[in-house]
Each structure stands twice: as structure tokens, then as C-alpha cells.
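Derivation of every value follows stated rules applied to the coordinates shown; laboratory data play no part. These figures come from a predicted structure and were not determined experimentally. No Cβ is skipped: glycine too gets one built from the backbone with ideal geometry, and neighbour counts run over all protein chains shown.
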Amino acid sequence: MKYVYLLQSTPFPEKRYVGLSSNVEKRLNAHNQGQSPHTAKFKPWKLITYVAFSNESKALEFERYLKSGSGRAFANRRFWVS
């Protein structure tokens with residue numbers, strides 16, 4: 001399984017991150033330990049939601065969509081905590 005996950009910074013709630021992993025818990029721990037240069041300065045992160053895919057190409061497609069303009073608008077309406 002591949003998972004598209006959405007994270008939100010606890011101290012900086014306006015900072016959000018969308019990623020792809022086969023192990024969400026392990027990846028969240030890596031973000032919170034500062035192992036990703038894109039997210040290290042905004043840790044700790046909390047998991048908002050994730051979507052599971054059995055098809056890796058569909059997971060990649062959905063991740064790309066959530067990072068697009070219309071995908072960000074969709075995520076703002078459906079996923080993110082205000």
C-alpha cells in the first residue's frame with residue numbers, strides 16, 4: 001500500500017505538508033526528528049489525514065493533485081484544520 005498523507009505543523013499551523021509513503025507512522029516520526037530538510041524547522045508535525053492506495057501510480061497522481069492549485073483548494077475545504 002502507498003499512502004498520501006497530510007501534515008500540519010503544531011507551532012506554525014499555517015505550515016502544511018503533503019507527502020507519500022508506504023509507512024505513515026515511520027515517515028511522521030522522521031519528519032518530527034528533523035530528518036527532512038523541508039519540514040525540520042517547523043516540527044513537531046501532526047498527522048491530519050491519510051489516504052491509502054493499492055496502486056502506486058494512483059497515489060502519485062493524487063499527491064501531485066493535492067500539490068496543485070485546485071488540489072490545495074480541495075484540501076483546504078476538506079482536510080485542513082482551521
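Miscellaneous remarks
- Computed over neighbours whose Cβ is under 14 Å from that of PRO13, the net charge equals +3, Lys and Arg +1, Asp and Glu -1.
- Ordered by the number of other Cβ atoms lying within 10 Å of each residue's own Cβ, fewest first, PHE12, PHE42, PHE79 fall into the sequence PHE12, PHE79, PHE42.
- Only Lys, Arg (+1) and Asp, Glu (-1) charged, at Cβ; the chain dipole about Cα centre in debye: 180 debye
- When Rg and the Kirkwood radius Rh are both evaluated on Cα atoms of the stretch 42-82, their ratio Rg/Rh stands at 1.01.
- Over the C-alpha trace of the stretch 2-78, radius of gyration and Dmax come out as 12.1, 34 angstrom.
- Amide hydrogen proximity for LEU20: with H placed 1.01 Å from N in the peptide plane, the residues at 5 or more positions away or on another chain lying under 5 Å are TYR5.
- Subset of LYS2/LYS43; LYS15/LYS46; LYS43/LYS67 violating a 18 Å alpha-carbon distance limit: LYS2/LYS43; LYS43/LYS67
- Amide H contacts of ILE48 (H built 1.01 Å from N, under 5 Å, at least 5 apart or other chain): LEU6, LEU7, GLN8
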